[in-house]
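**Student:** Attaching a single structure in structure tokens format; questions to follow.
The values are calculated or read from the model by the stated rules, or taken from the named source; none is laboratory data. Note that this is a predicted model, so its numbers are computed, not measured. Heads up, the Cβs are rebuilt from the backbone with ideal geometry, glycines too, and the neighbour counts pull from every protein chain shown. Keep in mind that these areas ignore ligands, DNA and RNA; they rest on the heavy atoms of the full protein, side chains included. Shrake-Rupley method; radii C 1.70, N 1.55, O 1.52, S 1.80 Å.
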Amino acid sequence: MIDNKQLFLKEFSRIKNVLKIHQDYKAILDNIFHNFNYFIQNFDLIEEWLLSDDFNEKYKKENHPYPSLLDPKKLNDENEEINYRNIPAELAWEMNLPLPDNYEFVWLCSALSGHGAMTMYLELCDINICKYIHYDPYIIYSNILMQLLNNPLKYNIIAYTDYTHVYVSREDLARFLNLLDKNKPVLYLVRDPISRLKTGLNHINFKIDKLDWFYLNTPIDRVLDRDTYYFGSPVPTCDHIKTYWIYAESFFRLNFLTQFFKTEKITYLDMASIKPEYAYCTFSELNTLYYFRKKLSQKDIDNGMAYDELGVLFPMTLIANLKDLDKNNIDETFEILITTKQLFKLHKIKNYIEINFILFENKIAFENLIFCISKEKISSFKNNINMVCCVKSYIKEFISKLEIKISIKKEHLINEEKILYFLKNNKSVIKNIEKNIKKELTHIKQHRPDIVASWKYYNEFEKMCEELDEK
């Protein structure tokens, strides 16, 4: 404190000059006083930055709400005495330091718009997706900061998906997005809002007491009793539109997210264009924009990358030990991972090998369902005839009951037609949805009306709203 006081007195006239020059720029004054000790201790460096043309152009001229206290160009240079690698993440956040610039573009995605498939495709292009799911923007910022610093040579992108179940307030989200470089390209994955609503209504939630690990003596009905729908409902229902979705504020933020970037830098991508039959052409076009280090091949797309109806229920693990069936049996345990081809790729599971060829003589009902065991245990498992027989018997019943479960689920799935019918008969709900969607789609309607025109169910919804207004 004494040293800071001496520094303050020594540089008082220069400090006073900086404060006077920026007296009409409240955001930087708030930053200075919030980090005053650091400001005093590193005054020469900060003064040079705050009096520079770069600061004036990048921050003051446009009245940027979160101006950086340090020069981002110098922060990205490891040869500088003060750079990203020697500033704690918390201090970087407090001083509004933008994230390091070693990322190629920003990928935005509204919830329920195909981000799972898009993630797999991007990773197959050897892209490192810097992302963190949390409601606290500082936690998101600090984790992405570390991901960028730890991967200086990779093809990095920053991703943000606006999930409805992990809510970040608009104010908090604005601060995080303001710390991204608005001159970077932006890829925004979008989808027909009525189809998004359909996926949301059909979305399962896991039960608190679900079993992720189970045994050969665990009742299969108990193993499969692991999911529910909103508010504990056993089946999806359109009633949840009026009890949840009209209040899910982050469901309606497409337009909000675009304001933090330059319009000419935003490329909209409709979810329909990443369906397996279109994905190769779509990614070939994206490659001409973003120069991926590795091209997505048709083989990648064909090899189990289609829609995964089982993914929401898995993975889970069968702990197979014959002693669970008879205490006199040999005590040897095998962990059998039950998952899908898509999840196996997505989670980059290593040291496990598929054993479907051991368990099944013929094709099973779910071609993307796989059973895996660690490579070091495969030989021992194959040679344990009693174990293989018991696991086969258990898995046979497991698949049979899984078929019934999936069949029942399909019977109760909600489609877009059911949603439109529900809305037509609930005028207060449709008015609420219409107002929110209309505001959400302002930007994309102006700049990509062709995408909006291709949304079959949204256009039916819009027509229905017009007809109701005429009555």
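**Student:** Could we say that Ile319 is in contact (Cβ under 8 Å) with a residue 12 or more places away in the chain, open to solvent by 50 Å² or more (accessible area, probe 1.4 Å) and either among the aliphatic types (A, V, I, L, M) or part of a helix (DSSP H, G or I) (or both) here? Show your work before the answer.
**Tutor:** On the way: in contact (Cβ under 8 Å) with a residue 12 or more places away in the chain: yes; open to solvent by 50 Å² or more (accessible area, probe 1.4 Å): no; either among the aliphatic types (A, V, I, L, M) or part of a helix (DSSP H, G or I) (or both): yes.
Answer is no for this residue.
**Student:** Output the number of the condition that Phe8 fails; it satisfies all remaining conditions of (1) over 26 Å from Leu148 (Cβ atoms); (2) at pLDDT 95 or above.
**Tutor:** It is condition (2) that Phe8 fails.
**Student:** Taking segment 455-471 only, how many residues are open to solvent by 70 Å² or more (accessible area, probe 1.4 Å) and either outside any helix (DSSP H, G or I) or of a type in the set (Gly, Ala, Ser) (or both)? Please lay out each step first, then the result.
**Tutor:** Taking segment 455-471 first, the residues open to solvent by 70 Å² or more (accessible area, probe 1.4 Å) are 456, 460, 463, 466-467, 469-471.
From what is left, the residues that are either outside any helix (DSSP H, G or I) or of a type in the set (Gly, Ala, Ser) (or both) are 471.
Final tally of qualifying residues: 1.
**Student:** Out of all the residues in segment 218-238, which are at pLDDT below 95 and more than 26 Å from the chain's Cα centre (by Cα)?
**Tutor:** Once the filter is applied, which keeps residues that are at pLDDT below 95 and more than 26 Å from the chain's Cα centre (by Cα), segment 218-238 yields only Pro234.
**Student:** Of the conditions (1) open to solvent by less than 60 Å² (accessible area, probe 1.4 Å); (2) free of Cβ contacts under 8 Å to residues at least 60 places away in the same chain; (3) farther than 14 Å from Met387 by Cα; (4) in contact with a strand residue (DSSP E or B) (Cβ under 7 Å, 6 or more places away or on another chain), Asn351 clears all except one; give me its number.
**Tutor:** Asn351 satisfies all of (1) open to solvent by less than 60 Å² (accessible area, probe 1.4 Å); (2) free of Cβ contacts under 8 Å to residues at least 60 places away in the same chain; (3) farther than 14 Å from Met387 by Cα; (4) in contact with a strand residue (DSSP E or B) (Cβ under 7 Å, 6 or more places away or on another chain) except (1).
**Student:** Same structure again: Can you name the residue in segment 104-141 that is over 18 Å from Tyr167 (Cα atoms) and not hydrophobic (A, V, I, L, M, F, W, C) and is also surrounded by the most Cβ atoms within 10 Å (Cβ to Cβ) among such residues? I'd like the intermediate steps shown before the answer.
**Tutor:** Of all residues in segment 104-141, those over 18 Å from Tyr167 (Cα atoms) come to 104-107, 114, 116-130.
Then drop every residue that is not not hydrophobic (A, V, I, L, M, F, W, C), which leaves 104, 114, 116, 119, 121, 123, 126, 128.
Values: Glu104: 19, Gly114: 24, Gly116: 16, Thr119: 18, Tyr121: 21, Glu123: 15, Asp126: 13, Asn128: 18.
That would be Gly114.
**Student:** Just name the residue that is farthest from the chain's Cα centre (by Cα) out of those in segment 248-262 that are under 14 Å from Leu187 (Cβ atoms) and not hydrophobic (A, V, I, L, M, F, W, C).
**Tutor:** That would be Lys262.
**Student:** Still on this structure: Just to be sure I understand the filter: pairs with C-beta atoms under 6 Å, separated by 6 or more residues or on different chains, first member in segment 115-135 and modelled with pLDDT of 90 or more, second member open to solvent by less than 40 Å² (accessible area, probe 1.4 Å) and polar (S, T, N, Q). Which pairs pass?
**Tutor:** Cβ pairs passing all conditions: His115/Thr161; Asn128/Asn151; Asn128/Asn156; Cys130/Asn156.
**Student:** Hey, does segment 367-389 have a residue that's part of a loop (DSSP other than H, G, I, E, B), surrounded by 13 or more Cβ atoms within 10 Å (Cβ to Cβ) and touching a helix residue (DSSP H, G or I) at 6+ places or on another chain (Cβ under 7 Å)? Lay out the reasoning, then the answer.
**Tutor:** Just the residues of segment 367-389 that are part of a loop (DSSP other than H, G, I, E, B), to begin with: 367-368, 384.
Checking the rest, the ones that are also surrounded by 13 or more Cβ atoms within 10 Å (Cβ to Cβ) come to 368, 384.
Applying the additional criterion that residues be touching a helix residue (DSSP H, G or I) at 6+ places or on another chain (Cβ under 7 Å) yields 368.
Scanning segment 367-389, I find at least one residue that is part of a loop (DSSP other than H, G, I, E, B), surrounded by 13 or more Cβ atoms within 10 Å (Cβ to Cβ) and touching a helix residue (DSSP H, G or I) at 6+ places or on another chain (Cβ under 7 Å), so the answer is yes.
**Student:** Also, quick follow-up: For Asn329, all conditions in the list (1) free of Cβ contacts under 8 Å to residues at least 40 places away in the same chain; (2) open to solvent by 30 Å² or more (accessible area, probe 1.4 Å) hold save one; what is the number of the exception?
**Tutor:** Among (1) free of Cβ contacts under 8 Å to residues at least 40 places away in the same chain; (2) open to solvent by 30 Å² or more (accessible area, probe 1.4 Å), the lone unmet condition for Asn329 is (1).
**Student:** While we're on this one: For segment 149-207, which residues satisfy the criterion of being more than 24 Å from Asn432 (Cβ to Cβ), aliphatic (A, V, I, L, M) and either at pLDDT below 95 or assigned to a loop (DSSP other than H, G, I, E, B) (or both)?
**Tutor:** Result: Leu153, Leu179, Leu180, Ile204.
**Student:** Could you figure out which of (1) touching a residue at least 24 places away in the same chain (Cβ under 8 Å); (2) open to solvent by 80 Å² or more (accessible area, probe 1.4 Å) isn't true of Lys435?
**Tutor:** Among (1) touching a residue at least 24 places away in the same chain (Cβ under 8 Å); (2) open to solvent by 80 Å² or more (accessible area, probe 1.4 Å), the lone unmet condition for Lys435 is (1).
**Student:** Can you pull out every residue in segment 321-376 that is among the basic types (Lys, Arg) and on the phi < 0 side of the Ramachandran plot? Explain how you work it out, then say what you get.
**Tutor:** Taking segment 321-376 and keeping what is among the basic types (Lys, Arg), we get 323, 327, 341, 345, 348, 350, 363, 375.
Matches in segment 321-376: Lys323, Lys327, Lys341, Lys345, Lys350, Lys363, Lys375.
**Student:** Look at segment 263-284 and say how many of its residues are farther than 17 Å from Ala117 by Cα and more than 19 Å from the chain's Cα centre (by Cα). Give the derivation first.
**Tutor:** Taking segment 263-284 first, the residues farther than 17 Å from Ala117 by Cα are 263-267.
In the following step, the residues that additionally are more than 19 Å from the chain's Cα centre (by Cα) were identified as 263-265.
Of the residues in that region, 3 qualify.
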